[in-house]
Structure formats: C-alpha cells, structure tokens
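See below for the structure under consideration.
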Amino acid sequence: MSDTDALNVVLLVLRVATGVMLFAHGWVHLKRVRSGPGVANWFGSLGMRQPVLNAWMVTLVELVGGVMLVLGLLTPISAASVTGVAVVAWITNHWKAGFFVYNRPTEGWEYVMILTALGIALGTFGAGEWSLDRAFDIEWETATNFWVTLVAGVGGALLQLLVFWRPPRAEPTG
C-alpha cells in the first residue's frame with residue numbers, strides 16, 4: 001500500500017466514522033424535537049434563548065453536516081459542523097463538570113474536546129481522494145482549509161453563543 005493510499009484510507013475511516021456519529025446524533029435529536037418540547041426545554045435549561053430554534057438548528061447542522069462529511073463534500077465546512085456543535089456543547093454543558101466524561105451531574109469535556117480537534121483536523125486535511133470533493137475538483141490549500149474550518153466551526157459556535165446564550169445564574173446559597 002502506498003503512502004497516498006494509506007492516507008486516503010485513514011481520511012475515509014475518520015470522515016465516515018465522524019459523519020455517521022454526527023448524523024446519528026442529529027437523528028436522535030430529530031425524533032425528540034418532533035415528539036415534544038424535551039430537547040428545546042433542555043436547550044432552555046442551558047441558558048439558550050429561542051430554545052426551539054436552537055434545537056432545530058443543531059439538529060439540521062448535525063444531519064446535513066454528517067451526510068456531507070460521510071460523502072466528503074465541502075469538507076472544511078462539513079467538518080466545521082462537528083467543531084461548532086462540539087464547542088457549543090463544551091461551553092454550555094460540559095465545561096463545568098471537569099475533564100472526564102463520567103463526571104456528574106453533567107458529563108465532562110474530554111469527548112467534546114476530541115470532537116473539536118477531530119473536526120479541525122478533518123477540515124484542514126480535507127476528504128482525500130475518495131470523496132465528492134475530489135470528484136467535483138473542489139480543493140483548497142491546506143491553510144485555507146484550516147481557516148475555513150476554524151472560522152466556520154469555532155466562529156459559528158461563538159456567534160451562536162453570543163446571540164443566544166444567557167447562562168443561568170447560580171442560585172444563592174444559604
């Protein structure tokens with residue numbers, strides 16, 4: 001196996017695994033958003049204004065971004081969907097629980113940290129030869145891929161937080 005083939009296998013495996021995970025997460029959200037206000041209520045409990053809108057936005061980003069990532073289409077943008085969702089989850093829900101995902105009352109941030117890094121890496125290196133990006137001759141420089149992924153993913157997450165997130169105030173004790 002050549003170095004190029006090995007790189008393409010690794011990019012395909014990472015891209016498909018990450019895309020399937022993102023799509024599956026979105027599919028669960030879609031079923032829950034359509035069945036009642038539970039997901040929206042949860043977004044509201046995190047301090048997200050317009051929780052119904054946010055529940056739908058995240059669901060659509062996960063569904064569309066997951067499919068695009070599996071197909072290797074506009075990879076810096078589809079990888080940014082992983083990064084953006086992970087950054088928002090990291091800040092709104094996971095940060096306060098510490099590092100480990102098994103910490104309670106909410107899960108820690110180790111999982112969303114890895115997803116953030118994975119999204120940036122996939123977006124930066126692109127989809128590889130076995131992708132729709134290659135079939136449609138969509139190819140940017142690696143540095144451009146990095147900046148598109150970072151700005152769309154982290155920038156999009158920060159914009160969503162700036163517009164919608166109002167962290168709940170801690171209740172006074174005593």
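Points to keep in mind about this one:
- Restricting 77, 120, 138, 91 to residues that are in contact (Cβ under 8 Å) with a residue 12 or more places away in the chain, closer than 23 Å to residue 170 by Cα and of a type outside the set (Asp, Glu) narrows the list to 91.
- Picking from residues in the stretch 64-107 that are of a type in the set (Val, Ile, Thr) and over 14 Å from the mean Cα position of the chain (by Cα), the one that is farthest from residue 23 (Cα to Cα) is 106.
- Hey, residue 126 of a type outside the set (A, V, I, L, M, F, W, C), farther than 30 Å from residue 44 by Cα and in contact (Cβ under 8 Å) with a residue 40 or more places away in the chain or not: yes
- Residue count for the stretch 1-21, restricted to those that are surrounded by fewer than 10 Cβ atoms within 10 Å (Cβ to Cβ) and either touching a residue at least 12 places away in the same chain (Cβ under 8 Å) or part of a helix (DSSP H, G or I) (or both): 1
- From the list 133, 137, the lone residue that is in contact with a helix residue (DSSP H, G or I) (Cβ under 7 Å, 6 or more places away or on another chain), closer than 24 Å to residue 16 by Cβ and acidic (Asp, Glu) is 133.
Bear in mind that the values in this text are calculations on the coordinates, not laboratory data. Source: prediction; values computed, not measured. Positions of Cβ are backbone-derived with ideal geometry, glycine not excepted, and every protein chain shown enters the neighbour counts.
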